[in-house]
Amino acid sequence: MDIDPASRHPADAIEGELPDGDAAAALLLSRRPELVPWILQWQRELIETFGEPLRQDAARSAVALSIALARMGLRHGSWGEDFHAYHNENHALELMDGRLGQLVSTAGEAFDGRDRIALMLFCACHDLRQREDGEGDGPVGPNEAASMAESRRILAAAGFDPQRDAWLYGTLELAIAGSTFDARPLPPDSRSNTAELAARGGALAPHLAQWLDAREPQWRSDAVRQHALALAQVASDLDTANVAEPMLELAASSIRLCEEREMRAGRSLDDAQSVAPCFAFLTEGQERYFFELHRFCSEPGRLAFAEGKAANAAPMRALLDALRADFARDPGQCQCGLDVIRHFARLALRVSECE
């Protein structure tokens, strides 16, 4: 399947600077040297767990992970000139090193070696691009479409083959497509059967089957395709499982995303014009995301993360209520967006201490 013609999202300067595993490893060694042995250890553990037949796939995967992480860090992360507070190499790592480990420890028997490779590569590749203004593919966002295109090039650079390794290409494409998240209000007719409208109000992952029905009418008779779709649901849960992190980590992720949104909007956090959008995002935005838009898409995701989300519901409500109450009492107490963020952080600390 060719979800995204590469010509619509070609390689950029970062890909040219980091074309292969050697260049990626060199950058990682210079910036985050601990990541190189960590990736190699993941490769060894994969082989030890699933045996010799997985050796080549594990080795290729380690190369692909190195390339993806290095490009994330250089393009939008800590080592380049276009820093994004949320979508950077650390977001990929929190999925790879934290959430995926929790998922495997909870429902590990549900995933074989190939599944773990696909999910690990999803964690590393799903947010590769964040500055895309072009077209996606129907309900798939342009950033996700561009990340899908680049992930195919990364797989090829690591030694994977589109025919021999169709299982991986197909799974990664569907998982990244499914990570498209629409935070706009729900459409007036929520009963619509189109994938584009059905996806509004959360992740695209639960609606990928509808999308495939229109694009590949025979996919339901393809066991590999069905499995790829199931893994795409799991991947979506990994991506949005910040709702289940300890309360302070959840609040911190909200702050990082708020900072990134203001940067993308061209507003300085030191300016008065950022007060209203920061307040709206940290109150209404977080409320809608946590209580309305977010939903688990897979049974393994629910098993791993639903309890953590449930534990956060009352503290999150208390945090949002406190922020609104403080602003109602003194609307002028914050002179800029940074003041709003700091007040949100203080209240998060207070709520966390009361748990």
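The values are calculated or read from the model by the stated rules, or taken from the named source; none is laboratory data. Not measured: the values here are computed from a predicted model. So basically every Cβ, Gly included, is an ideal-geometry build from the backbone, and we count neighbours across all protein chains shown. Each accessible area value is taken on the protein alone, full model and side chains, heavy atoms only, with ligands, DNA and RNA left out. Shrake-Rupley method; radii C 1.70, N 1.55, O 1.52, S 1.80 Å.
Relative to the longest principal axis of the chain, what angle (0 to 90°, nearest 10) does the C-alpha long axis of helix 247-265 take?
Rounded to the nearest ten degrees, it is 90.
Pull out a ≥ b ≥ c, the square roots of the eigenvalues of the alpha-carbon gyration tensor of region 67-176, then state rounded if a/c is under 1.5, prolate if not and a/b is larger than b/c, and oblate in the remaining case. Mind dumping the intermediate values first?
Numbers: a/c = 1.71, a/b = 1.21, b/c = 1.41.
It comes out oblate by the Cα gyration axes.
Springs between alpha-carbon pairs under 10 angstrom, Gaussian network model over the chain: which of Ala345, Ala203, Ala85 fluctuates most?
Ala345
Suppose the chain between Asp270 and Val224 were pulled fully straight at 0.36 nm per residue; how much longer would it get relative to their current alpha carbon spacing? The partial results should precede the final answer.
On the way: separation 46, 0.36 × 46 = 16.56 nm, distance 5.12 nm.
Net length gain for the segment: 11.4 nm.
Run the accessible area of the chain with a 1.4 Å probe and give the carbon-and-sulfur part as a rounded percent. Walk me through the numbers before you get to the answer.
Working: 7980 of 15410 Å².
Using a 1.4 Å probe with all protein chains present, the chain comes out at 52 percent carbon and sulfur.
Where is the GNM fluctuation largest for the chain (alpha-carbon springs, 10 angstrom cutoff): His87, His343, His76?
Greatest mean-square fluctuation among the candidates belongs to His343.
Picking from Met72, Gly98, Leu248, whose Cα lies most toward the positive end of the charge dipole for the chain (charges on Cβ: Lys, Arg +1; Asp, Glu -1)?
Leu248
Give the angle, between 0 and 90 degrees and rounded to the nearest 10, that separates the Cα long axis of helix 113-125 from the longest principal axis of the Cα atoms of the chain.
Helix 113-125 and the main axis of the chain meet at about 50 degrees.
Run the 1.4 Å probe and let me know the accessible area of Asp270, rounded to the nearest 10 Å².
Surface accessible to solvent at Asp270 totals approximately 120 Å².
Under the rule that an exposed site lies in a DSSP loop and has at most 11 other Cβ atoms within 10 Å, name the longest stretch of the chain with no trypsin sites (Lys or Arg not before Pro) of that kind, not counting the sites themselves. The partial results should precede the final answer.
Working: sites that count: Arg164, Arg191.
Maximal segment without exposed cleavage sites: 192-355.
Accessible area per residue for region 231-355 in Å², computed with a 1.4 Å probe and the full protein assembly in place, what is it? Kindly include the intermediate steps, with their values, before the conclusion.
Details: 5530 Å² over 125 residues.
Value returned for region 231-355: 44 Å² of accessible area per residue.
On the full set of protein chains, 1.4 Å probe, figure out the accessible area of Leu100 and give it in Å² to the nearest 10.
10
Would you mind telling me which residue in Phe327, Phe160, Phe83 has the biggest mean-square fluctuation in a Gaussian network model of the chain, where springs connect alpha carbons within a distance under 10 angstrom?
Answer for the Gaussian network model of the chain: Phe327.
Any chance you could give the angle, 0 to 90 degrees and rounded to 10, that helix 142-157 forms with the longest Cα principal axis of the chain?
Relative to the chain, helix 142-157 is tipped by roughly 30 degrees.
Cys125: accessible area at probe 1.4 Å, nearest 10 Å²?
0
How charged is the neighbourhood of Trp79? Take every other residue with its Cβ under 13 Å from the Cβ of Trp79, and add Lys/Arg as +1 and Asp/Glu as -1. Before the final figure, lay out the partial values.
On the way: positive: Arg31, Arg32, Arg71, Arg75; negative: Glu17, Glu81, Asp82, Glu89.
Local net charge: 0.
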